[in-house]
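> Let me give you the structure first, and then I'll get to my questions.
What follows draws every value from the coordinates through simple rules; no lab data is involved. Being a predicted model, the structure only gives us computed values, none of them experimental. As a convention, Cβ positions derive from the backbone with ideal geometry for all residues, glycine included, and neighbour counts pool all protein chains shown.
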Amino acid sequence: MHAAPAPAVSNREFGKGLARAYAGALIFGLPLFMTMEMWELGVHLPAWKLVTLLVLFFPFLVVLSWHVGFEDTFSWRGDVVDALVAYGVGFTASAAALGLIGVLTPEGSLREAVGKVTLQAVPGSIGALLAQSQLGERGPRDAQPSGEEHWASEVFIMAVGALFLSFNLAPTQEMLLIALRIGAGQALLLMAVSLALMHAFVYGVAFRGQPAVAAHESGWPLFLRFTVVGYALALLLSAFMLWMFGSLEGSGLVPALKAVAVLGFPAAIGAAAARLIL
């Protein structure tokens, strides 16, 4: 049972966590803050898609806070507050960064400014919460999950990594360009390599953060329950990101599937690497 922290200590720790959150938002969001495609998407993306993105990401941030919030929380209410603060950090950090590099100007419209900041706030908020695992001291929740009851937690962590990398690359034109250049056979080969790398990265080469379940489970059950499920999530999130950013509009079925396979490659690497970070 945890003793209630003294108010002064609690406020000081929250302040440190908030400072780390801003550092994380800048570190993780900077590549997108300085990406031209993101600026343009902020202007042209329909308002309903921006709202949808914020609404869908909020429960994701709540669960992420439970794993690696920037302060210790002891209830879901605390995690909801953490998620709201992370959004606040993401919005203010992205507005400050975009203003500093001249993307936000007095000549631009309010709609353009809101669109650009809103879109950039999403990766910024993820970085704000991930800052605890990367820049802060690891607390009691950093213990590695083990056992059947933690399967969902492991899968969620893979989804975090897949989502973060797919969000960084989905807005770029290179994803569609690569998809146009490769054939269907090469796309299938890319998917097979993605699966193999995912499994090797986490369960084959004993990286730090390897789930404890790997110690007593191996072979096809491990591959099917974790690697295949994780890769399926990576593909689903890749498809969602491409749809969200309008990259699949006007594409036929085969080009769209190839684009998902292409983005699924870095998303799969992100899913595999997520356990090394969180």
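> Straight-line reach only, C-alpha to C-alpha below 24 angstrom: list the lysines that Lys116 could link to, leaving out same-chain residues fewer than 8 apart.
Qualifying lysines at Cα under 24 Å: Lys49.
> Mind sorting Ser125, Ser194 by how few other Cβ atoms lie within 10 Å of their own Cβ, fewest first? Write down the numbers at each step before the final one.
Working: Ser125 32, Ser194 24.
Sorted ascending by nearby Cβ count, the order is Ser194, Ser125.
> Separate question: All other residues with a Cβ under 15 Å from the Cβ of Phe245 taken together, and with Lys, Arg as +1 and Asp, Glu as -1, what is their net charge? Don't jump to the answer; show the numbers that get you there.
Values: positive: Lys49, Lys116; negative: Glu37, Glu40, Glu174, Glu249.
Its environment carries a net charge of -2.
> Residue-wise, which Karplus ³J(HN,Hα) couplings in Hz belong to segment 189-196, taking 6.51 cos²θ - 1.76 cosθ + 1.60, θ = phi - 60°, and x for glycine or proline?
With the stated coefficients, segment 189-196 comes to 4, 4, 5, 5, 5, 4, 4, 5 Hz.
> Related question: Residue-wise, which Karplus ³J(HN,Hα) couplings in Hz belong to segment 237-247, taking 6.51 cos²θ - 1.76 cosθ + 1.60, θ = phi - 60°, and x for glycine or proline?
Each residue of segment 237-247 in turn: 5, 5, 4, 5, 5, 5, 5, 4, 8, x, 6 Hz.
> Going by a ≥ b ≥ c, the root eigenvalues of the Cα gyration tensor, does segment 32-71 fall in the rounded group (a/c under 1.5), the prolate group (a/b larger than b/c) or the oblate group?
On the way: a/c = 5.05, a/b = 1.74, b/c = 2.90.
Note, shape of segment 32-71 comes out oblate.
> Further question: Which net charge results for the neighbourhood of Trp39, defined as the other residues with beta-carbon distances under 11 angstrom from its beta-carbon, given Lys and Arg at +1 and Asp and Glu at -1? Please report the intermediate quantities before stating the final value.
Values: positive: Lys116; negative: Glu37, Glu40, Glu112.
Residues near Trp39 contribute -2 overall.
> Counting only other residues whose beta carbon sits under 15 Å from that of Gly99, what net charge do I get with K and R as +1, D and E as -1?
Charge balance in the 15 Å sphere: -1.
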